[in-house]
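Report on the following structure.
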Amino acid sequence: MSGIGSLQLEHLDKKLLPLEDKHLIGLKQEWYDNPQKSISHDDFVAKASEWFKSTKLNDLHGWDSFPCVDIIMGCTHFIESLASKNKWNIQVLDRDYAYYRLMGKQPTNPGQLKPGVPLIVSLPNYYYGDRPEWQDVLKECEEKKIDIHIDAAWMVAAKGFNFDFDHPNIKSFAMSMSKYNLTWNRIGLRWSRQRSMDSCTLISSQRKYNELTTACGSYMIDNIPRDYGWEKYDDTVTKICNKLDLEPSMFFYVVKDKAQQLYSTGNVLGKITP
């Protein structure tokens with residue numbers, strides 16, 4: 001594919017595939033081809049924290065209320081750790097991670113949340129961006145004493161997400177680098193108000209993770225600007241939407257049609273010559 005002029009809707013994918021471009025593919029190849037350096041646990045936590053916080057396209061607050069920071073093997077690790085600790089007695093909302101349905105967990109509607117049962121919610125959300133009912137959900141969680149844990153896996157692909165984590169019912173949140181073609185080496189961080197024992201805590205505090213994972217994460221942080229996707233492809237996304245009569249979303253590689261069907265541009269952005 002040489003340019004946007006030849007692009008058709010059928011070239012996009014209804015599965016939300018992450019971005020692949022020459023830069024990201026090249027980094028993976030360089031990682032395998034060249035000698036690499038390890039990084040200490042504390043140095044990686046500090047380096048990754050700074051990278052995640054450095055976004056200039058999103059306005060995020062409340063970090064200081066979550067002093068306990070653990071290394072995770074991507075946000076699915078964060079979710080599985082929570083679910084396992086609670087014996088899968090958790091709640092999720094609609095339009096969330098498909099993994100929950102695969103594990104037999106059906107969504108609960110706002111207004112019908114069960115008192116005292118932890119809620120895991122993706123924010124920003126792949127479909128909505130900002131969840132339209134979020135303030136009502138927060139109020140309901142306050143009234144029903146529901147702990148909230150936020151899967152922020154989509155944060156690195158977002159633009160215009162404004163959020164304050166420092167609500168008393170929010171107990172932890174996690175982010176990963178996977179949206180930058182790093183599904184092959186998942187790495188991220190979890191922030192918690194208080195540390196409790198679960199698989200994330202155990203793996204991180206006891207240094208039980210593969211050090212190649214953190215070394216790779218450090219290498220990618222050195223070579224991928226935090227807001228890389230939007231900074232490089234903002235104009236291209238606009239042109240794709242104009243060409244195919246689509247609407248952009250909060251995420252640089254997700255677009256939608258008039259019927260609100262989502263499509264991924266992750267498989268074509270790197271192939272289009274702007």
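Solvent-accessible area per residue in the chain equals 47 Å², computed with a 1.4 angstrom probe and all protein chains kept.
Once the gyration tensor of the Cα atoms in the stretch 59-111 is diagonalised, the equivalent ellipsoid follows with semi-axes of 23, 16, 11 Å, ordered largest first.
Rounded to the nearest angstrom and listed largest first, the equivalent-ellipsoid semi-axes of the stretch 151-274 from its Cα gyration tensor are 32, 19, 11. Here's the picture: a label point sits 7 Å out from the Cα of Q29 along the beta-carbon direction, and within the stretch 184-199 the residues with their amide nitrogen under 19 Å of it are 184-185. What FRET efficiency, computed as 1/(1 + (r/R0)^6) with R0 = 25 Å and r the Cβ-Cβ distance, is obtained for K87 and W134, rounded to the nearest 0.05? The computed FRET efficiency comes out at 0.40. Toward the positive end of the charge dipole of the stretch 1-132, with +1 on the Cβ of Lys and Arg and -1 on the Cβ of Asp and Glu, the farthest Cα among Y97, P67, L27 is that of Y97. Distance from the C-alpha centroid of the stretch 189-205 to that of the stretch 1-51: 27 Å, rounded to the whole angstrom. Using equal-weight Cα scatterers in the Debye expression, the normalised intensity of the stretch 1-77 in log10 at q = 0.13, 0.19 Å⁻¹ is -0.75, -1.15.
Once the Cα gyration tensor of the chain is found, what semi-axes does its equivalent ellipsoid get, as square roots of 5 times the eigenvalues, in whole Å, sorted largest first? Intermediate values should be presented prior to the final figure.
Working: eigenvalues 181, 129, 48 Å².
They are 30, 25, 15 Å, listed largest first.
Within the accessible surface of the chain, defined with a 1.4 Å probe on protein heavy atoms only, the carbon and sulfur portion equals 47 percent. For H167 and H41, the FRET efficiency from 1/(1 + (r/R0)^6), where r spans their Cβ atoms and R0 equals 30 Å, is about 0.55.
Per-residue packing, averaged as other Cβ atoms within 10 Å, sorts the ranges 53-66, 208-221 into the order 208-221, 53-66, beginning with the highest.
The value of relative contact order for the stretch 168-207, using C-alpha pairs under 8 Å at least six residues apart, is 36 percent.
Among I39, I72, the sequence by solvent-accessible area, most first, with a 1.4 Å probe is I39, I72. For the stretch 91-195, the percent of C-alpha pairs falling in each 5 Å distance bin, counted from 0 to the bin holding the largest distance, reads 2, 11, 22, 25, 22, 12, 4, 1, 0.
The values are calculated or read from the model by the stated rules, or taken from the named source; none is laboratory data. Everything quoted here is computed from the prediction, not taken from an experiment. With ideal geometry, Cβ positions are generated from the backbone for all residues, glycine too; neighbour counts draw on all protein chains shown. Heavy atoms of the whole protein, side chains included, go into the accessibility calculation; ligands, DNA and RNA do not. Shrake-Rupley method; radii C 1.70, N 1.55, O 1.52, S 1.80 Å.
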